[in-house]
1. Within the range 97-146, which residues are under 20 Å from Ala72 (Cα atoms), assigned to a loop (DSSP other than H, G, I, E, B) and of a type in the set (Asp, Glu)?
2. Going through Thr94, Thr89 one at a time, which residue ends up being crowded, with 16+ Cβ neighbours inside 10 Å, assigned to a helix (DSSP H, G or I), over 17 Å from the mean Cα position of the chain (by Cα) and within 13 Å of the ligand (Cβ to nearest atom)?
3. When you look at Ser259, is it in contact (Cβ under 8 Å) with a residue 12 or more places away in the chain and over 19 Å from the mean Cα position of the chain (by Cα), yes or no?
4. Take the residues in the range 98-113 that are buried (at least 17 other Cβ atoms within 10 Å of the Cβ) and more than 10 Å from the ligand (Cβ to nearest atom); name whichever of them is nearest to Leu11 (Cα to Cα).
5. Going through the range 35-65 one residue at a time, which ones are modelled with pLDDT of 95 or more and in a loop (DSSP other than H, G, I, E, B)?
6. It is to be established whether one or more residues within the range 93-107 are of a type in the set (S, T, N, Q) and closer than 15 Å to Val218 by Cβ.
7. What are the residues in the range 126-154 that are hydrophobic (A, V, I, L, M, F, W, C) and either over 26 Å from Leu224 (Cα atoms) or within 9 Å of the ligand (Cβ to nearest atom) (or both), if any?
8. Using beta carbons and a limit of 6 Å, which pairs, at least six apart or on different chains, have the first residue in the range 113-129 and under 13 Å from Leu139 (Cα atoms) and the second one aromatic (Phe, Trp, Tyr) and not in a loop (DSSP other than H, G, I, E, B)?
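The values are calculated or read from the model by the stated rules, or taken from the named source; none is laboratory data. Because the structure is predicted, anything quoted here is derived from the model rather than measured. A quick note on method: Cβ atoms are made from the backbone with ideal geometry, for glycine too, and the neighbour counts reach across all protein chains shown.
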Amino acid sequence: MRILITGASGLLGLNLALETTHRHTVFGTVHRHALKTSPFTVIQTNLLAPGAVERLLEQTQPDWVIHCAALANLDACETDPLLAKQLNTELPHTLASLVARGGARLLHVSTDSVFDGLRGNYSEEDAPSPVGVYTRTKLEGELAVAKADPTAIVARVNLFGWSLTGKRSLAEFFFNNLSQGKQVMGFTDVFFCPLLANHLADIFVHMLEKNLSGLYHVVSPEGLSKYEFGLRLARRFNLDSSLINPTSVYDSGLKASRSPNLTLRCDKLTRTLGEPIPRLSTGLDRLYTLYQQGYPQMLRSLEPS
Ligand SMILES: NC(=O)c1ccc[n+]([C@@H]2O[C@H](COP(=O)([O-])OP(=O)(O)OC[C@H]3O[C@@H](n4cnc5c(N)ncnc54)[C@H](OP(=O)(O)O)[C@@H]3O)[C@@H](O)[C@H]2O)c1
C-alpha cells in the first residue's frame with residue numbers, strides 16, 4: 001500500500017511511519033520539525049497553506065491517508081482557539097473531502113477526550129460532551145470527517161511512547177524526571193487507557209488491511225490512573241517510584257480543564273479484528289525493549305542539530 005501519514009514528526013506519526021515503512025511505501029509530512037534522515041519519504045509542508053493538501057495528494061497518490069497532524073497541546077488550544085479550529089476541525093474536513101474525491105481512503109485520528117470524563121468506560125455509542133477548546137475542535141473534526149467521507153475510519157486514541165524531542169509523552173515525562181532523581185506529581189484522579197504508539201501502529205495497519213470504516217476506540221483494554229501509570233513505568237525501568245507524589249489534578253494548577261475518567265471500551269475493535277489489544281504490561285515491556293535497543297537515541301538522531 002502507499003500510505004501518507006500527516007504529522008510524521010509527532011509522537012504518533014513518527015512511530016507509525018517507522019513501524020510501517022518496512023512493509024509499505026510511506027510518505028510522512030512534517031512542518032516545523034524537519035527530519036535529518038529517515039527511512040520513509042519526508043515532505044515538509046504547512047498543511048494550512050492554500051492548496052497544500054491538494055498538492056500533497058497529487059504528489060503522493062496514496063491508497064490510505066492516516067491523519068495524525070493536529071494541535072494536540074491542550075494549553076496551546078486554549079491560548080489560540082482559531083489555530084485549534086483550523087488544525088483540528090477545518091483541516092480534517094478538507095482532507096476527508098479531497099481524499100474521498102480522489103478515491104483514496106482516510107483514517108482520521110481523534111481522541112479519548114471527546115468525553116467529559118464524568119463516568120468513564122465509554123463505548124462508541126455514548127454521546128460525546130467535550131470540555132475545552134482541544135476536545136471541542138477534535139469532536140467537530142470527527143463530525144466533519146464522517147460527513148465528508150462516511151467510509152473514513154475515525155480512531156479515538158490515547159498513547160504513550162518515545163518521541164523525536166524526548167519530551168512529548170507521559171512515559172517520557174516520568175522516565176526523564178525519575179532517571180534524574182526528580183520528584184513529580186502523579187494524578188490519582190485522572191484515568192485513561194494508554195496504548196503504546198508502536199502497538200497503535202500495528203493495529204492501524206491491521207484496520208487498513210481489513211478495510212474498516214466508521215468510529216472505533218483504539219485504546220488499551222486496561223484503565224488506570226496517571227499515578228498508577230507512573231508507578232508501573234518506574235517498576236518496569238527499575239526507577240525510584242517513591243519520587244512520584246500522588247496528587248489530585250484539581251490541586252495541580254493546570255490551565256486547560258482536564259477530564260477525570262477517560263477510560264474507553266475497545267470491545268468493538270477487539271471483536272472486529274478478532275484479536276486482543278495489548279495490555280499495559282505488554283506496552284511497557286516493548287517500551288523497555290525499545291529503550292534497550294537505543295530507539296529513543298535513534299529518534300533523537302533524526303532531528304537536525
Ligand atoms: N499524545 C496523546 O496522548 C494523544 C491522546 C489522544 C489523541 N491524540 C491524537 O493523536 C494525534 C497525534 O497526536 P501526537 O501526540 O502525535 O501530536 P504531536 O506530537 O503534537 O504532533 C503533531 C503533529 O502535527 C504536525 N503539525 C502541526 N501543525 C501543522 C501544520 N500547520 N502543518 C503540518 N503539520 C502540522 C506537527 O508537525 P511539526 O512538529 O513538524 O510542526 C506534528 O508532526 C492527534 O490527532 C491527537 O489529537 C494524541
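1. Asp116
2. On the way: Thr89 fails: over 17 Å from the mean Cα position of the chain (by Cα).
Just one listed residue meets the conditions, Thr94.
3. No; evaluated as a whole, the condition is false for this residue.
4. Looking at residues that are buried (at least 17 other Cβ atoms within 10 Å of the Cβ) and more than 10 Å from the ligand (Cβ to nearest atom), I get Leu107.
5. Phe40, Thr45, Asn46, Leu47, Leu48, Ala49, Pro50, Gly51, Gln61, Pro62, Asp63
6. Initially, the range 93-107 is screened for residues of a type in the set (S, T, N, Q), giving 94, 97.
Subsequent filtering for residues that are closer than 15 Å to Val218 by Cβ retains none.
No, because not a single residue in the range 93-107 is of a type in the set (S, T, N, Q) and closer than 15 Å to Val218 by Cβ.
7. If we filter the range 126-154 for residues that are hydrophobic (A, V, I, L, M, F, W, C), which is where we start, we get 127, 131, 133, 139, 143-146, 148, 152-154.
Leu143, Ala144, Val145, Ala146, Ala148, Ala152, Ile153 - these are the residues of the range 126-154 that are hydrophobic (A, V, I, L, M, F, W, C) and either over 26 Å from Leu224 (Cα atoms) or within 9 Å of the ligand (Cβ to nearest atom) (or both).
8. Matching pairs, first to second residue: Phe115/Tyr122.
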